[in-house]
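In what follows, a single structure is set out as structure tokens and then discussed.
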Amino acid sequence: MKVLIAASEAVPYAKTGGLADVTGALFSEYRRQGIDGRLMLPLYRTVREHFVPVDTGLTPEVKVGDRRYKGRVWLLGEGAYGIGCDEFFDRPELYGTPQGDYPDNAARFSFFGRAVTAACESLGWRPDVIHCNDWQTALIPLLLKTSGQEVFFRETATVFTIHNLGYQGIFGAGELALTGLGPDWFNPEGIEFYGKLNFMKAGLIGADIITTVSTTYAREILTPEHGYGLDGVLRKRTADLFGVVNGIDTAYWDPSKDPLIQATYRPSDISGKAACNEALVRECGFSLSEGSAWEKTPVLALVGRLSDQKGLDILLDAADGLIALGARIVILGKGDEHIQERVRGFAEGHRGLAAATIGYDEALAHRIYSGSDFFLMPSRYEPCGLGQMIAMRYGTIPVARRTGGLADTIVDYDPLKGAGTGFLFDEYRPAALLECMQRAIRVYAEPGRWKALVPQAMQQDFSWARSAAAYVDLYRIAGERHGVRQ
Ligand code: ADP
């Protein structure tokens with residue numbers, strides 16, 4: 001089977017969040033399984049600086065609005081391609097700065113969508129399935145039907161994965177001409193969205209199969225609360241909508257081998273985690289409560305994008321209460337300016353009790369995953385979430401809101417049976433988080449229970465093999481439905 005993954009980010013090349021982990025891991029898993037899987041992403045500045053792209057000499061020309069751009073196809077590794085166009089991608093960031101998105105994102109990702117299909121033609125490689133991811137590649141399923149490429153791609157099915165419905169790629173109606181889709185598409189049945197242009201809708205109406213990254217989220221997005229205005233469109237396609245829970249790269253996220261952590265450990269012997277814990281307490285400059293030792297001081301961590309989605313507001317509102325429980329809080333993240341400011345202010349006002357690093361820091365993330373006791377994900381919504389799975393693998397117990405993939409991957413601790421892998425709460429309120437944390441710290445304070453819970457969480461199977469197999473099945477179904485839809 002020939003599968004093309006089209007994405008705006010993928011590890012190891014470019015990453016701002018979980019999308020990159022998913023696309024990169026799926027691609028590697030297909031290569032490992034001998035599937036002809038290929039990956040295409042934009043050749044950002046960061047990719048050029050950190051990798052050694054090899055010029056294929058292919059220069060597909062792409063029309064964006066009334067201008068023609070010359071793309072250049074670079075080989076990043078076996079089967080992985082970067083599509084270059086310096087005017088669009090030679091910038092410090094992928095999508096924008098903390099002050100806001102790049103103003104020409106509609107043009108940038110119209111270019112990329114069309115360049116992906118043009119690059120396939122230049123390579124003479126006709127995929128059986130193009131797997132598109134999020135709004136940045138959502139135009140592709142419709143473009144294949146309309147852009148003069150219908151013949152080349154007649155047999156090519158499309159799968160569109162929603163990683164986060166909160167980001168739809170909404171632009172002014174005036175940008176329609178950039179997409180290459182004619183005015184016939186600008187209506188509510190097409191890609192119009194309340195007078196604006198919505199890239200994600202192109203994926204939702206054009207793809208043969210739609211997937212999202214957990215089974216709970218697949219149900220949630222059909223409701224007005226989580227549907228962000230697209231629940232109606234999605235409800236029309238319920239028969240083609242599937243949930244596939246993400247995995248994590250268990251070879252990379254492995255506390256028994258991780259070179260970035262203070263000491264390695266495994267479920268059968270977690271003693272190394274204590275050294276990681278102590279090192280993190282030192283690194284964060286945490287003071288210990290009187291008469292307490294660092295082992296008795298629960299360290300609560302949050303690593304993630306600082307966006308409204310992630311529940312920083314209820315966390316910061318609950319923070320004094322959490323500290324009153326004896327906890328220390330470490331936050332690593334990057335994102336919206338107003339949240340960054342609040343997090344920075346919180347850490348500065350609570351020296352010795354809280355620490356924050358604003359920025360993206362892979363090595364620090366490893367030290368936090370291994371060195372903390374609890375991992376906080378009080379998300380407003382969470383399509384899947386990877387942080388909780390990585391945390392569990394490192395024996396760091398998630399405390400999370402029961403939403404989306406968090407509900408699917410964390411089993412709430414049952415004190416009677418001693419079963420479970422974390423702690424869940426329902427209401428999006430600081431008091432609910434605090435109450436849940438109290439429950440969690442009670443278990444932490446009982447060494448017998450705690451020592452049983454940590455390896456239990458570490459032993460969960462979050463490997464990609466299971467998810468990759470589910471996608472391959474869906475590619476087959478997409479192929480069948482594509483045949484019928486022709
Ligand atoms: P999302 O995709 O919504 O950003 P996920 O939980 O699915 O959230 O994935 C986040 C991924 O990005 C995790 O691998 C997490 O460790 C990583 N990450 C997020 N922010 C940072 C940061 N500031 N520094 C290092 N890693 C980060």
Just in segment 185-248: which chymotrypsin sites (Phe, Trp or Tyr not before Pro) are loop by DSSP and have at most 10 other Cβ atoms within 10 Å? Tyr194
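Which ordering of Leu364, Leu280 is given by a fewest-first count of other beta-carbon atoms within 10 Å? Mind dumping the intermediate values first?
Values: Leu364 18, Leu280 26.
Listing Leu364, Leu280 from fewest to most nearby Cβ atoms yields Leu364, Leu280.
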Net lengthening on full extension, Asp36/Glu337 (0.36 nm per residue, minus Cα-Cα): 104.2 nm
Spelling out what I want: for every residue of segment 169-185, take phi, set θ = phi - 60°, compute 6.51 cos²θ - 1.76 cosθ + 1.60 (Karplus), and round to whole Hz; glycine and proline get x. x, 9, 9, x, 4, x, 8, 3, 4, 5, 6, x, 9, x, x, 4, 8
For segment 368-375, just list the computed ³J(HN,Hα) in residue order, Karplus coefficients 6.51, -1.76 and 1.60, θ = phi - 60°, integers in Hz, with x standing in for Gly and Pro. 6, 4, 7, x, 9, 9, 10, 10
Over the chain - Rg/Rh using Cα atoms and the Kirkwood inverse-distance radius: 0.98
Beta bridges by DSSP in the chain, antiparallel share as percent, to the nearest 5: 30
The simple spin-label model distance between Arg466 and Lys417, using points 7 Å out along Cα→Cβ, in nm, is 1.6
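Within the set Lys257/Lys417; Lys257/Lys451; Lys70/Lys310; Lys145/Lys236; Lys15/Lys296, which residue pairs have Cα atoms separated by over 28 Å?
Pairs exceeding the cut-off: Lys257/Lys417; Lys70/Lys310; Lys15/Lys296.
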Specify the inter-centroid distance of segment 1-77 and segment 339-408, based on alpha-carbon positions, in whole Å. 29
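List the chymotrypsin sites (Phe, Trp or Tyr not before Pro) in segment 248-346 that DSSP assigns to loop (not H, G, I, E or B) and whose Cβ has at most 14 other Cβ atoms within 10 Å. Which are they?
Values: sites: Tyr252, Trp253, Tyr265, Phe286, Trp294, Phe346; in loops: Tyr252, Trp253, Tyr265, Phe286.
Sparse-neighbourhood loop chymotrypsin sites (Phe, Trp or Tyr not before Pro): none present.
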Size-normalised alpha-carbon gyration radius of segment 262-400, reference 2.2 N^0.38 Å: 0.98
What does the convex hull of the Cα atoms come to per residue for segment 61-213, in Å³? 128
Projected area averaged over orientations for segment 344-388, convex hull of C-alpha atoms, nm²: 4.2
Give, as ranges by residue number, the residues of segment 81-104 whose backbone N falls under 17 Å from the point 7 Å along Cα→Cβ of Lys70. 83-90
At a 10 Å Cβ-Cβ cut-off, how would you order Ser28, Ser370, fewest neighbours first? Ser28, Ser370
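Provide Asp269, Asp408 in ascending order of the number of other Cβ atoms located within 10 Å of each residue's Cβ, fewest first. Please list the in-between numbers first.
Values: Asp269 11, Asp408 21.
Going from least to most buried by this count: Asp269, Asp408.
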Sorted by chain and then number, the residues having a modelled amide H within less than 5 Å of the amide H of Val411, at least 5 places away or on another chain, are Thr421, Gly422
Going by amide H atoms built from the backbone, whose H comes under 5 Å of the H on Met377, apart from near neighbours? Val399, Ala400, Arg401
Loop trypsin sites (Lys or Arg not before Pro), segment 333-374 (other Cβ atoms within 10 Å of the site Cβ: 15 or fewer; DSSP): Arg351
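Report the full-extension gain for the segment Ala279 to Arg126: residue separation times 0.36 nm, less the Cα-Cα distance, to one decimal in nm.
Details: separation 153, 0.36 × 153 = 55.08 nm, distance 5.13 nm.
Extra length from Ala279 to Arg126 when fully extended: 49.9 nm.
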Report, to the nearest 10°, how far helix 337-349 tilts away from the longest principal axis of the Cα atoms in the chain, using its own Cα long axis and a range of 0 to 90°. 10
Any chance you could run the full-extension gain for Thr59 through Ala363? It's 0.36 nm times the residue separation minus the Cα-Cα distance, nm to one decimal. 105.8 nm
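Which whole-number percent gives the relative contact order of the chain, counting Cα pairs below 8 Å spaced six or more residues apart?
Values: 973 pairs, mean separation 63.4, N = 486.
Over the chain, the number comes to 13 percent.
Bear in mind that the values in this text are calculations on the coordinates, not laboratory data. Predicted, not measured: the structure shown is a model, and the values here were computed from it. As a convention, Cβ positions derive from the backbone with ideal geometry for all residues, glycine included, and neighbour counts pool all protein chains shown.
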